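Student: Here's a structure for you.
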Amino acid sequence: MITTILSAALLSASILKGDPDVLDQTLDLNYTGLAGQAELNKNDVLSFLNQRDIREQYQILHETLLSKLVAEADSTRRIVRGRNTSIAAVPWQASLRRRGRPICGASVITPQWLITAAHCLLSARPSELTVRLGSSWKSHGGQLYDVKECFVHPRYNAHSKQHDVGLMQLYATLRFSASVMPIRLVDEGIRILAGRPAVVSGWGRLQEKGTGTQFLQSTWIPSIAMKQCRRSGLARSSIDPSSMFCAGSFEHGSPDACQGDSGGPMVMDGVLVGVVSWGLGCARGNFPGVYTRLAQPAVSAWVHQHIGRQGAASGQGEEL
């Protein structure tokens with residue numbers, strides 16, 4: 001069974017009923033200013049996201065969210081703990097659905113392309129897939145978009161889980177807003193240092209063998225040195241340093257992911273560095289989560305080969 005990297009505290013009945021007092025505690029950010037600029041520059045959004053001032057704005061907003069998540073973790077010391085999070089705090093987050101049923105997470109990277117895990121796309125036809133964007137809720141709100149094409153990395157190995165990355169192209173061209181935004185991809189060859197805090201988000205199960213959440217959750221997770229990861233409870237031979245990296249904690253059950261979070265984003269410094277890939281169980285102290293390394297040359301080049309067509313394609317879709 002493929003498991004992933006983000007569990008959260010159980011939602012109370014008041015959250016499920018939409019209690020405004022509880023929802024007021026939801027983490028929120030404001031990407032409105034950036035959204036307007038992104039919409040104006042959507043025909044060359046990759047260059048837009050690479051501008052120094054835009055990168056700095058993304059980083060500032062990311063650090064604001066991270067500081068709130070870290071403060072919450074330090075104050076509670078709760079195991080397997082996430083926070084209710086507005087889609088406005090992670091507006092690139094998408095819910096991938098097959099035949100109407102949510103199966104994975106994904107991230108917006110251009111007006112027509114989303115990135116996810118390869119194993120989320122296996123055996124699926126594009127006509128069976130949709131993505132929900134712009135909503136904090138898994139099953140309602142926002143807008144649904146049909147998938148035109150989907151691609152699995154040619155070197156993906158379902159047994160070893162190497163190169164676990166896939167892409168989806170939409171029929172429509174997205175209209176960027178405070179709740180639907182692209183996230184910049186990490187540059188090719190960038191190394192992820194141990195101990196760096198990252199934010200993960202999704203609608204996966206709230207605990208191992210538990211139920212899923214209806215409201216979006218996020219948490220922070222530190223990256224782990226590859227040497228330590230390969231000494232963990234995970235089989236050493238299953239960790240490929242070139243296409244994977246690890247995050248979690250050995251001291252106690254770190255906030256972690258469960259089934260349903262696969263394909264979702266791991267963001268450091270306002271940049272998408274990883275895709276939720278696999279793990280053993282959920283929030284087990286000696287079993288860190290494993291992520292697809294998006295900076296790997298074979299992954300980065302393949303992704304950009306596809307999304308590089310974005311400029312020509314973005315004028316062909318129906319804008320919603």
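Student: Please work out if S47 is of a type outside the set (F, W, Y) and either assigned by TED's automatic domain parsing to the domain that holds R155 or in contact with a His (Cβ under 9 Å, 6 or more places away or on another chain) (or both). Write out each step before concluding.
Tutor: Working: of a type outside the set (F, W, Y): yes; either assigned by TED's automatic domain parsing to the domain that holds R155 or in contact with a His (Cβ under 9 Å, 6 or more places away or on another chain) (or both): no.
Criteria not met by S47.
Student: Can you pull out the residues in segment 122-158 that are within 16 Å of P102 (Cβ to Cβ) and free of Cβ contacts under 8 Å to residues at least 12 places away in the same chain?
Tutor: Answer for segment 122-158, where residues must be within 16 Å of P102 (Cβ to Cβ) and free of Cβ contacts under 8 Å to residues at least 12 places away in the same chain: H140, G141.
Student: What single numbered condition from (1) touching a residue at least 24 places away in the same chain (Cβ under 8 Å); (2) touching a strand residue (DSSP E or B) at 6+ places or on another chain (Cβ under 6 Å) fails to hold for H119?
Tutor: (2)
Student: Inspect segment 208-217 for any residue being modelled with pLDDT of 75 or more, assigned to a loop (DSSP other than H, G, I, E, B) and basic (K, R) and give the result as yes or no.
Tutor: no
Residues are listed down the side, and each one gets a yes or a no for (1) part of a loop (DSSP other than H, G, I, E, B); (2) at pLDDT below 95; (3) surrounded by fewer than 24 Cβ atoms within 10 Å (Cβ to Cβ); (4) in the same structural domain as H62 (by TED's automatic domain parsing):
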| site | (1), (2), (3), (4) |
| --- | --- |
| L96 | no, no, no, no |
| P111 | yes, no, no, no |
| S123 | yes, yes, yes, no |
| S127 | no, no, yes, no |
| S135 | yes, no, yes, no |
| C150 | no, no, yes, no |
| A158 | yes, yes, yes, no |
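Student: It is to be established whether one or more residues within segment 9-16 are in contact with a strand residue (DSSP E or B) (Cβ under 9 Å, 6 or more places away or on another chain), in a helix (DSSP H, G or I) and modelled with pLDDT of 95 or more.
Tutor: no
Student: Taking D164 and the conditions (1) closer than 28 Å to A88 by Cβ; (2) of a type in the set (D, E); (3) within 18 Å of the chain's Cα centre (by Cα), which numbered condition does it fall short on, given that it satisfies the others?
Tutor: Result: D164 fails condition (1) only.
Student: If you take the residues in segment 113-161 that are under 29 Å from L29 (Cβ atoms) and of a type in the set (S, T, Y), which one is nearest to the chain's Cα centre (by Cα)? First the steps, then the outcome.
Tutor: First, pick out the residues of segment 113-161 that are under 29 Å from L29 (Cβ atoms): 113-117, 120, 129-147.
From what is left, the residues that are of a type in the set (S, T, Y) are 116, 130, 135-136, 139, 145.
Details: T116: 8, T130: 16, S135: 15, S136: 14, S139: 17, Y145: 18 Å.
Only one residue tops the list, namely T116.
The values are calculated or read from the model by the stated rules, or taken from the named source; none is laboratory data. What you are looking at is a predicted structure, and each value in this text was computed from that prediction instead of being measured. Here Cβ is always computed from backbone atoms with ideal geometry, including for glycine, and neighbour counts include all displayed protein chains.
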